[in-house]
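**Q** Starting off with a structure, shown below.
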Amino acid sequence: MGTDVFQIAVNCIKLVIVFLLMVQAVPLLVWLERRGSAFIQNRFGPNRVGPLGLLQLLADAVKFLFKEEFVPANAVKFLYYAAPVAALVPATLAFAAIPLSTPVSVDAFEMFGQTWGPYTFLWQGYEINVGIVYVLGVSSLAAYSILMAGWGSGNKFSLMGALRASSQIISYELALGLSIVGVIMMYGTFNLTEMIAQQQGTLSFQFLGHTITSSWLPNWGIFYQPLGALIFFAATFAESNRLPFDLAEGEAELVAGFHVEYGGFKMLLFFIGEYGHMLVASALMATFFFGGWGIPFVGVAEVQAWAATVVGAGTSASLLTGLVHFMVFTLKLAIFLWIFIHVRWTLPRFRYDQLMELGWKTMLPWALFNTVLTSIIFLIAHS
Amino acid sequence: MNPEAFLFWFLSIVTVSAGLAVVLLTNPIYAALSLAMTMVGVAAVFVTLNAYFLAGVQLIVYAGAVMVLFVMVLMLFDLKAEIQAFSRGNLSGFLKIGSVAMLGGLIIGAIVMSSNSLLGNNLPDLVVEADGSKQLGKLLFSKYLFGFEALGVLLMVVAVGAVALARSKGGTHAKH
């Protein structure tokens with residue numbers, strides 16, 4: 001956590017901020033989803049409360065808080081109450097491990113008659129050396145909340161939805177895990193920060209003893225692993241139970257799937273969990289394949305030099321640099337989130353057998369193929 | 001008590017009580033959920049030992065595996081009959097006593113055998129750098145290759161045995 005009081009305090013505050021960052025993104029995303037769907041379907045969407053309808057979600061949250069609190073007669077009380085909380089936790093834990101920007105170095109300064117040594121703070125909840133493994137492991141726990149909700153509600157529709165969701169998540173987790181094996185091989189590390197560091201600058205790689213460089217393409221993972229990126233992105237749709245993979249909710253068949261029996265704020269917690277998974281998926285997509293917080297054509301040193309001319313060198317320049325890169329990362333996140341939303345309102349839902357066929361007979365073999373191909377190319381290129 | 005010791009004791013109590021719940025609860029659903037909890041607890045203990053890679057793998061592999069078990073329980077079992085089959089009958093009583101005896105023997109054996117080598121200070125320095133997944137992979141595929149492969153065969157045997165047991169006479173979804 002840190003060596004002295006100041007560092008520990010800042011790190012604790014950072015954890016809270018990362019959590020709030022995720023939770024606060026949800027109302028904005030819901031607003032974007034409703035306005036975006038209205039835009040796609042040629043209608044207005046919520047536009048009465050506040051400017052552009054931005055306060056609609058605040059009003060909704062207040063309404064959710066004041067809803068009647070009820071438990072279905074057949075429900076298993078403990079599981080029924082635990083499921084919404086369990087839905088929130090995995091996404092939060094995973095998001096906190098993703099590096100959001102460049103580290104901030106704080107010079108030594110005086111406070112309370114004491115000198116506080118130079119620090120380096122990371123723009124993330126905590127750094128883990130095996131970031132990928134941790135994020136995948138934690139987010140695989142999300143399926144339990146769905147199962148708990150399905151079983152705990154004591155409703156046949158809920159149970160059907162939960163069964164569908166769990167079998168879907170098991171099926172697509174294989175493709176998801178395999179699709180990033182190529183990425184891990186390419187960067188030679190599990191550490192997300194090191195991955196981003198390797199994607200800076202312009203495209204350049206070694207092949208058969210020659211160094212091949214491009215003058216304008218950024219050194220992003222997508223140019224090395226296009227198939228892996230495609231499979232990964234498709235599998236994350238299935239993992240976060242979004243259309244076209246939202247068989248677990250299937251309104252036409254299952255009413256609303258695993259959360260039929262939930263109302264009020266408990267239902268909203270499931271919502272936050274789903275959007276949290278979208279956020280994690282988008283952040284991983286940006287980190288693995290699109291350079292993370294890196295700005296194409298502009299290095300970190302150049303941003304730092306610019307920041308030093310604006311606010312003066314030292315702590316504030318470092319902070320400004322971090323802020324700029326954080327904005328870039330947010331922009332990349334926003335693009336992927338918009339793709340998530342756009343796909344939801346563009347594609348129809350799969351049939352269940354089509355879903356399983358896509359997972360096991362299409363995506364899994366292609367992910368395996370990608371892994372084998374990457375390793376063969378590596379063997380040739382480094383020989 | 002320093003924070004690390006507190007964390008260790010807290011996690012151990014959670015893990016062990018979840019593990020006990022797996023065995024003691026008669027409802028297979030709760031047993032499966034407790035198993036998941038046990039796995040998460042073990043992963044957390046790995047984290048406190050700085051073995052982050054093992055913790056992550058523990059979560060991915062076992063959380064997924066328990067999920068499969070859960071689905072199996074929900075879809076294949078006649079839950080009421082299963083609860084009765086677990087909690088009644090002379091044969092299952094003998095099986096329980098036998099398993100407890102075997103487990104007790106294992107624990108005692110492990111303590112007796114390991115007290116010399118593990119607790120003594122004559123061990124070679126096996127500690128590699130924190131979460132050295134590379135060293136782990138190299139060790140698994142060179143020095144401990146035989147054990148690794150034998151474990152794979154063992155798991156295969158267990159899988160086949162589970163299917164054979166489930167389909168033999170007396171189970172809730174036996175061949176008719």
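**Q** All but one of (1) assigned to a strand (DSSP E or B); (2) in contact with a Pro (Cβ under 6 Å, 6 or more places away or on another chain) hold for residue A:193; state the number of the condition that does not hold.
**A** With respect to (1) assigned to a strand (DSSP E or B); (2) in contact with a Pro (Cβ under 6 Å, 6 or more places away or on another chain), residue A:193 is out only on (1).
**Q** Keeping to the range A:122-151, report how many residues are hydroxyl-bearing (Ser, Thr, Tyr) and within 7 Å of chain B (Cβ to nearest Cβ). Talk me through it step by step, then tell me what you get.
**A** From the range A:122-151, those hydroxyl-bearing (Ser, Thr, Tyr) are A:126, A:134, A:139-140, A:144-145; that's our starting set.
The next check asks that each one be within 7 Å of chain B (Cβ to nearest Cβ); those that pass are A:134, A:140, A:144.
Here the count works out to 3.
**Q** How many residues does the range A:156-167 contain that are away from chain B (no Cβ under 11 Å) and surrounded by 24 or more Cβ atoms within 10 Å (Cβ to Cβ)?
**A** Initially, the range A:156-167 is screened for residues away from chain B (no Cβ under 11 Å), giving A:156-158, A:161.
From the residues that got through so far, the ones that are surrounded by 24 or more Cβ atoms within 10 Å (Cβ to Cβ) too are A:158, A:161.
Selection size over the range A:156-167: 2.
**Q** Still on this model: Mind listing whichever residues of the range B:7-26 are hydroxyl-bearing (Ser, Thr, Tyr) and closer than 14 Å to residue B:40 by Cα? Give the steps one after another, and end with the answer.
**A** Going residue by residue through the range B:7-26, those that are hydroxyl-bearing (Ser, Thr, Tyr) are B:12, B:15, B:17, B:26.
Those that are hydroxyl-bearing (Ser, Thr, Tyr) and closer than 14 Å to residue B:40 by Cα: B:12, B:15, B:17.
**Q** Something else now. Take the residues in the range B:38-60 that are within 9 Å of chain A (Cβ to nearest Cβ) and within 12 Å of the chain's Cα centre (by Cα), then tell me which one is modelled with the lowest pLDDT.
**A** Filtering first and then ranking leaves B:58.
**Q** Next question, about the same structure. Tell me, please, whether a residue that is surrounded by fewer than 15 Cβ atoms within 10 Å (Cβ to Cβ), at pLDDT below 85 and of a type outside the set (Gly, Ala, Ser) can be found in the range A:25-41.
**A** Kept after step one, since they are surrounded by fewer than 15 Cβ atoms within 10 Å (Cβ to Cβ), are these residues of the range A:25-41: A:28, A:39-41.
Going one step further and asking which of them are at pLDDT below 85, we end up with none.
Checking the range A:25-41: not a single residue is surrounded by fewer than 15 Cβ atoms within 10 Å (Cβ to Cβ), at pLDDT below 85 and of a type outside the set (Gly, Ala, Ser).
**Q** Quick one: which residue in A:263, A:273 is closer than 14 Å to residue A:89 by Cα and touching a residue at least 60 places away in the same chain (Cβ under 8 Å)?
**A** On the way: A:263 fails: closer than 14 Å to residue A:89 by Cα.
Exactly one residue qualifies, and that residue is A:273.
**Q** If you check every pair at least six apart or on different chains, which have Cβ atoms under 6 Å apart with a residue in the range B:25-38 that is closer than 18 Å to residue B:15 by Cα first and a residue that is among the polar types (S, T, N, Q) second?
**A** B:38/B:15
**Q** Right, here's the next one. For the list (1) at pLDDT below 60; (2) exposed (fewer than 11 other Cβ atoms within 10 Å of the Cβ); (3) part of a helix (DSSP H, G or I), I need the number of the one condition that residue B:86 fails.
**A** Exception for residue B:86: condition (2).
**Q** So, in the range B:131-152, of the ones that are basic (Lys, Arg) and surrounded by 11 or more Cβ atoms within 10 Å (Cβ to Cβ), which residue ends up nearest to the other protein chains (Cβ to nearest Cβ)?
**A** So in the range B:131-152, the residues basic (Lys, Arg) come out as B:134, B:138, B:143.
Pick out the ones that are also surrounded by 11 or more Cβ atoms within 10 Å (Cβ to Cβ) and you get B:134, B:138.
Values: B:134: 9, B:138: 14 Å.
This residue is B:134.
**Q** Go over the candidates A:308, A:334 one by one and state the one that is surrounded by fewer than 20 Cβ atoms within 10 Å (Cβ to Cβ), over 16 Å from residue A:196 (Cβ atoms), among the aliphatic types (A, V, I, L, M) and over 13 Å from the mean Cα position of the chain (by Cα). Walk me through it before giving the result.
**A** On the way: A:334 fails: over 13 Å from the mean Cα position of the chain (by Cα).
Checking each option against the conditions leaves just A:308.
Here's the yes/no breakdown for (1) within 23 Å of the chain's Cα centre (by Cα); (2) of a type in the set (Asp, Glu):
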site: A:63; (1), (2): no, no
site: A:66; (1), (2): no, no
site: A:69; (1), (2): no, yes
site: A:96; (1), (2): yes, no
site: A:112; (1), (2): no, no
site: A:121; (1), (2): yes, no
site: A:132; (1), (2): yes, no
site: A:161; (1), (2): no, no
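**Q** I'd like to verify a number: residues in the range A:28-51 that are free of Cβ contacts under 8 Å to residues at least 24 places away in the same chain, outside any helix (DSSP H, G or I) and not β-branched (Val, Ile, Thr), how many?
**A** 8
**Q** Please find, within the range A:132-163, the residue that is nearest to residue A:189 (Cα to Cα) out of those that are of a type in the set (Phe, Trp, Tyr) and touching a residue at least 60 places away in the same chain (Cβ under 8 Å). Give the derivation first.
**A** The initial filter retains those residues of the range A:132-163 that are of a type in the set (Phe, Trp, Tyr), namely A:134, A:144, A:151, A:157.
If we keep only those that are touching a residue at least 60 places away in the same chain (Cβ under 8 Å) as well, we get A:151, A:157.
On the way: A:151: 39, A:157: 43 Å.
Here the answer is A:151.
**Q** Look through B:75, B:102 and report the one residue that is at pLDDT 80 or above, exposed (fewer than 13 other Cβ atoms within 10 Å of the Cβ) and either assigned to a helix (DSSP H, G or I) or within 14 Å of chain A (Cβ to nearest Cβ) (or both). Step through it out loud before you land on a result.
**A** Details: B:75 fails: at pLDDT 80 or above.
Just one listed residue meets the conditions, B:102.
**Q** Say whether the condition of being among the polar types (S, T, N, Q), part of a loop (DSSP other than H, G, I, E, B) and crowded, with 22+ Cβ neighbours inside 10 Å is met by at least one residue in the range A:230-247.
**A** Of the range A:230-247, the ones among the polar types (S, T, N, Q) are A:236, A:240-241.
Now drop any that are not part of a loop (DSSP other than H, G, I, E, B), which leaves A:240-241.
From what's left, crowded, with 22+ Cβ neighbours inside 10 Å: A:240-241.
Yes, because at least one residue in the range A:230-247 is among the polar types (S, T, N, Q), part of a loop (DSSP other than H, G, I, E, B) and crowded, with 22+ Cβ neighbours inside 10 Å.
**Q** Name the residue, out of A:326, A:340, that is in contact with a Lys or Arg (Cβ under 9 Å, 6 or more places away or on another chain) and among the aromatic types (Phe, Trp, Tyr). Talk me through it step by step, then tell me what you get.
**A** Details: A:326 fails: in contact with a Lys or Arg (Cβ under 9 Å, 6 or more places away or on another chain).
One residue alone meets the criteria, A:340.
The values are calculated or read from the model by the stated rules, or taken from the named source; none is laboratory data. Treat the numbers as computed from the prediction; the structure is a model and nothing was measured. Cβ atoms come from the backbone with ideal geometry, glycine included; neighbour counts cover every protein chain shown.
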